[in-house]
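Notes to accompany the following structure.
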Amino acid sequence: MVREATKQRIGTLTLWAGRLEGGMAPELAAMSISLGFDQQLGLVDVLGSAAHVRGLGRTGILSDEETQTLLSALEQVTGELSSGSFVFVESDEDIHTAVERRVTEIAGPVGGKLHTGRSRNDQVATDLRLWSRGALLDVAASVLALQRVLSARASEAGSVYLPGYTHLQRAQPVLLSHHLAAHCWAFSRDVDRLLASVHRLNVSPLGAGALAGSSLPLDPDGVAEELGFAKRFDNSMDAVSDRDFVAEALFDIALVGLHCSRLGEEIVLFTSEEFGFFTLDNAYATGSSMLPQKKNADIGELARGKSGRLIGDLVGFLATMKSLPLSYNRDLQEDKEPLFDAVRQIRLVLDALTGLYATVAWSEETMARAADESMSGAIDLAEYLVKQGMPFRQAHGVVAGIVTEALEKGVPLGGLVEAHEELGPDAAALLAPGRSVANRQSPGGTGPAAVEEQLNDLGLQIQTDAERMEALVARWSSKN
Ligand code: ARG
């Protein structure tokens, strides 16, 4: 049976109309057309095309006049894309098709020379690398902004302390500054990873053609240089089939998201009535449509929730890639949506957490009480005995005995410690509010001197990362 749909073919102006006359069936078009999402590549697509045209000009495939005509048409397309006046038509299968169609409308028949020596396979790989380079630098900038706020709040926290937790049980008091800085170091590794990924992806695929290069004289080295890539591809098949840089970007972002999720979980806990450590600024909290008393930490929850989605973007994409034979396969078109989604979502999360942390208030008393009330000074007593020469394992046993006794009798630890023959009043004084934190001297620990040094190092690290990032941005924006 001849299907009705074949009569309604659309897009008779396909790029392959000379081979397959009649246009695409609507079902194929619906599945295949990627313009809805790859429009985002418009500006980088034109950038790549302009470099390609100059390359063709250098090798003599295009005359100077043709080169100029195509370049000025491309410039006009950039203007139309930037101002939003670019008009897409039904036959625009993807952004590459749309740009080439428009260049031909503007430049006339010479537009037919734009795609000389090029395939959409090397073109799309080039576009996505250019786009990812900028996007990953944007993500790194947002991470750095959050780090700056966290480290500023850490410096401001001074001697404020709270219980430090392991297994979510109170373990040892820590300075709030130490706690906030801990999150910052994770973000530092993220920035480092993002910048390293930017370096690795900075290889030009243009000139690889469909998969095997071209018989025409091309200048892939010059094109790479012009686009700010560190070098051109080594292998044309690898160039069009490689999407490692997408997987890597998605991993980097998923990990940033995971760090945000852990931060978010903590915000949810610390703002709960049970903890009562943090109070959100009203602008960064939500209420309930039904329960009048509610003040919810939705940013923390959304950071947690979106982390799942970001992991999904990564895992879904890896599954797309895993069995693809060389070289280009249309499956690769599925690389864009997870990447675009991940970049957009992580920036939302980072910006919201930055605002939240810039404005959050904390209750010094509630946090101190939670730290002081608990038995979290027990290790200080054991270490007191160690300083008297007792082996640690034995000291642990002595203090554990007193803790058990205090819990059984329902009395505070202090009295029992004071009366204990091996401990006594000097040891009991170690349980005084704030003493435990002040006594921590080891490097990288929570003692005030160690934290001061740490915050200093953190500030330098953030500064260095920001300079590295800005240098990369400057390098490429001057090229582009
Ligand atoms: N829209 C396509 C993509 O994103 C462009 C490449 C199409 N190449 C092809 N041989 N059909 O991958």
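Seen against the Cα atoms of the chain and their longest principal axis, helix 42-58 is set at about 50 degrees.
Between region 83-99 and region 135-180, the C-alpha centres lie 46 angstrom from each other. Across region 121-217 the C-alpha pair distances fall into 5 Å bins from zero in the proportions 2, 12, 14, 13, 12, 10, 9, 7, 6, 5, 4, 3, 2, 1, 0 percent. The portion of the accessible surface of region 73-177 made up by carbon and sulfur, rounded to a whole percent, is 53 (1.4 Å probe; DNA, RNA and ligands excluded). Expressed in Å, the radius of gyration and Dmax of the Cα atoms of region 23-82 are 15.1, 43. Between Trp362 and Thr279, the built amide H atoms are under 5 Å apart, and every one of these is 5 or more places off in sequence or on another chain.
Here region 173-280 is treated with +1 on each Lys and Arg Cβ and -1 on each Asp and Glu Cβ, and its dipole about the Cα centre works out to around 80 debye.
In the context of the full set of protein chains, residues of region 122-165 present 23 Å² of accessible surface per residue (probe radius 1.4 Å, heavy atoms only). Here's how it looks for Gly164: its modeled amide H is under 5 Å from those of Ala171, Gln172, Val174, which are all 5 or more places away or on a different chain. In terms of the mean number of neighbouring beta-carbon atoms within 10 Å, the peptides 162-171, 112-121 order highest first as 112-121, 162-171. With a bin width of 10 angstrom, please list the P(r) values of region 1-141 as percents of all Cα-Cα pairs, from the 0 bin to the one holding the largest distance. The percentages, shortest bin first, are 11, 37, 33, 14, 4, 0.
For the chain, the dipole from Cβ point charges (+1 on Lys and Arg, -1 on Asp and Glu) about the Cα centre works out to 680 debye, to the nearest 20.
Which angle from 0 to 90°, rounded to the nearest 10, does the C-alpha axis of helix 64-83 make with the longest principal axis of the chain? Orientation of helix 64-83: about 50 degrees from the principal axis.
In the calculated pair-distance distribution of the chain, the portion above 44 angstrom amounts to 35 percent of the Cα-Cα pairs.
Each 5 Å bin from zero up to the one holding the largest Cα-Cα distance in region 246-370 carries the following percent of pairs: 2, 11, 18, 17, 14, 11, 9, 7, 5, 3, 2, 1, 0. Pairs over the 31 Å Cα-Cα cut-off, from the set Lys294/Lys336; Lys113/Lys231; Lys231/Lys322; Lys294/Lys409; Lys295/Lys409: Lys294/Lys336; Lys294/Lys409; Lys295/Lys409. The residue list Met367, Ala427, Pro443 was ranked by how far each Cα lies along the charge dipole of region 361-473 toward its positive end, using unit charges on Cβ atoms, and Ala427 comes out on top. Each residue of region 177-190 was assigned a 3J(HN,Hα) from its phi angle through the Karplus curve 6.51 cos²θ - 1.76 cosθ + 1.60 (θ = phi - 60°); the sequence is 4, 5, 4, 5, 5, 4, 5, 4, 5, 4, 5, 4, 5, 4 Hz, with glycine and proline shown as x. Along each principal axis, taking the top coordinate minus the bottom one, the Cα set of region 338-480 gives 76, 30, 28 Å in descending order. Peptides 75-81, 469-475 ranked from most to least packed, by the mean per-residue count of other Cβ atoms within 10 Å: 75-81, 469-475. Picking from Gly264, Phe233, Ala254, whose Cα lies most toward the positive end of the charge dipole for the chain (charges on Cβ: Lys, Arg +1; Asp, Glu -1)? With unit charges placed on the Cβ atoms, the residue in question is Phe233.
Placing unit charges on each Cβ (+1 for Lys and Arg, -1 for Asp and Glu) gives the chain a dipole about its Cα centre, and among Gln293, Gly42, Leu326 the Cα reaching farthest toward its positive end belongs to Leu326. Ordering 150-157, 256-263, 382-389 by mean Cβ neighbour count within 10 Å, with the highest value first, yields 256-263, 150-157, 382-389. Close amide-amide hydrogen proximity is noted between Arg232 and Ser204, each under 5 Å apart and 5 or more residues distant or on a separate chain (H modeled in the peptide plane; Pro and chain starts excluded).
Around the Cα centre of region 327-391, unit charges on the Cβ atoms of Lys, Arg, Asp and Glu (plus for the first two, minus for the last two) sum to a dipole of about 160 debye.
Using Cα-only point scatterers and the Debye equation, what is log10 of I(q)/I(0) for region 79-154 at each q in 0.16, 0.18 Å⁻¹, rounded to two decimals? The computed values of log10 I(q)/I(0) come out as -0.75, -0.86.
Summed over qualifying helices (DSSP H, 4 residues or more, each -39500 (n - 2.57)) and divided by its residue number, the chain shows a 222 nm mean residue ellipticity of -21000 deg cm²/dmol. For region 321-328, backbone phi angles converted through the Karplus equation (6.51, -1.76, 1.60; θ = phi - 60°) give residue-by-residue couplings of 7, 5, 10, 6, x, 5, 10, 6 Hz, Gly and Pro being listed as x. Per residue, region 36-110 exposes an accessible area of 42 Å² to a 1.4 Å probe, with every protein chain left in place. Under the simplified labelling scheme, the Phe37-Arg200 pair shows an inter-label distance of 2.3 nm, with each label point 7 Å from Cα along Cα→Cβ.
The values are calculated or read from the model by the stated rules, or taken from the named source; none is laboratory data. Computed from a predicted structure; not experimentally measured. Note: ideal-geometry Cβ built from the backbone for every residue, glycine included; neighbour counts use all protein chains shown. Ligands, DNA and RNA are stripped out before the accessible areas are found, and what is left, the full protein with its side chains, is counted by its heavy atoms. Shrake-Rupley method; radii C 1.70, N 1.55, O 1.52, S 1.80 Å.
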